[in-house]
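In what follows, a single structure is set out as structure tokens and then discussed.
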Amino acid sequence: MSDQLDGAKQKDSRFSLQFFSTYGLAIFLGALVVIFSALMPNTFPTAFNVRTLLNTQSVVLLLALAEMVPLSTENFDLSVGYLVGLIHIVMIALQNNLAIPWYLIVIIALAIGAAYGYFNGFLVTMVGIHAFIATLGSGTVLYGIGFWITGGSQVLGKNLAAGFLKLGLNVLGIPIPLFFVLVIGVLLWIVYEYLPLGRYLYAIGANPRAAELVGISRKRYVTFTFVTSSVIVTIAGIILASQLRVGQISTGPNYLLPAFTGALLGATSIRPGRMNVGGTVVAVLLLAVAVAGLQQLGAEYFVEPLFNGSMLIVAVSFAIYTARRRVAVTVTIIEEAEKEKNHSPTDRQM
């Protein structure tokens, strides 16, 4: 009887751990929304506040999704902030100086982003430079190019096309940038949940050597992740330029920490232990709601970097803890199975 009770308690413990790991972040997000709505009923739960929050966080959501893609293969991309900063400068500078349609400039920007992503992939897979160093170095080069273009000063959007400016506006009360997030998020969700490509990327992230032994090309797919990441970052840069209507070199790097934190924190939720779209979206919204609520309550401007940095530490710590707990639970299950296997029929009858 006691063995059955112990077994039931262990099952309940495993269920509680799994439930908390899967939905804990979403529950925390819901709790924050309820608390801030109760504290500020006239400002926080309003349509204007929700619309503003979604519009301002659309770029962060795109960057977090972009960061998620190479992270799924255990490769860091520290260039997302530098690339989004350069792209939004390029979009404004070219429209100011070139008399060509803005959508052609968008194509040019996308080509730049794809080429840059391929270059990062080349450095990591062919040259053999660790992704952390490769993307930090190439991103710093982009930062220097941005300084060269701007001369260290702002680039004002004097001749921005009306069609381009609409990218940062609302339609039917919904921010247009949010549609880009939805489309890209759904595409990535389909890839990671239902297509062989997503399984290949997860396999490379789990064990690159084993993946190569079964015919999965690490060079090809890792390069693909960097190209995909840079293209998504480019789209974010285009939207950012439409929203800000001014180019400034210091803007881009400010997005690196929230994007990186959102991607890593997202790996602790929905599908704990692996990068996933749902967890990434929940994590970014959690960060945004927490910071916005605290600021509306009167918190100082420095609360955002403090909170994002703290959550990054919490995300990594929780990921390590969850991984250790998962190993411990797996060992327990194996031991129970071995005991059951070694339990003779005679013992059961007795």
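The figures follow:
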read-out	value
Residue list for region 244-280, restricted to those being under 22 Å from LEU142 (Cα atoms) and surrounded by fewer than 20 Cβ atoms within 10 Å (Cβ to Cβ)	LEU244, ARG245, VAL246, GLN248, SER250, PRO253, ASN254, LEU257
Residue ID - surrounded by the most Cβ atoms within 10 Å (Cβ to Cβ), chosen from residues in region 95-120 that are among the small types (Gly, Ala, Ser) and over 19 Å from LEU256 (Cβ atoms)	ALA109
Tally, over region 207-229, of residues that are in contact (Cβ under 8 Å) with a residue 12 or more places away in the chain, surrounded by 14 or more Cβ atoms within 10 Å (Cβ to Cβ) and either basic (Lys, Arg) or farther than 28 Å from TYR82 by Cβ (or both)	2
Those residues of region 53-80 which are over 25 Å from ASN170 (Cα atoms) and not hydroxyl-bearing (Ser, Thr, Tyr), in sequence order	GLU67, MET68, VAL69, PRO70, LEU71, GLU74, ASN75, PHE76, ASP77, LEU78, VAL80
Test for LYS166: is it more than 21 Å from the chain's Cα centre (by Cα) and assigned to a loop (DSSP other than H, G, I, E, B)	no
Region 115-136 residues that are free of Cβ contacts under 8 Å to residues at least 24 places away in the same chain and farther than 17 Å from VAL231 by Cβ, paired with ones that are in a helix (DSSP H, G or I) and among the β-branched types (Val, Ile, Thr) (beta carbon under 9 Å, 6 or more apart)	LEU123/ILE133; LEU123/THR135; HIS130/VAL124; ALA134/VAL124; ALA134/VAL127
The one condition in (1) of a type in the set (Val, Ile, Thr); (2) touching a helix residue (DSSP H, G or I) at 6+ places or on another chain (Cβ under 6 Å); (3) part of a helix (DSSP H, G or I); (4) over 22 Å from GLY252 (Cβ atoms) that ILE190 fails to fulfil	(2)
Of residues in region 267-306 being in a loop (DSSP other than H, G, I, E, B) and over 30 Å from LEU197 (Cα atoms), the one modelled with the highest pLDDT	LEU297
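The values are calculated or read from the model by the stated rules, or taken from the named source; none is laboratory data. Worth saying up front: this structure is predicted, and the values here are computed from it rather than measured. Please note: Cβ atoms are built from the backbone with ideal geometry, for glycine as well, and neighbour counts cover all protein chains shown.
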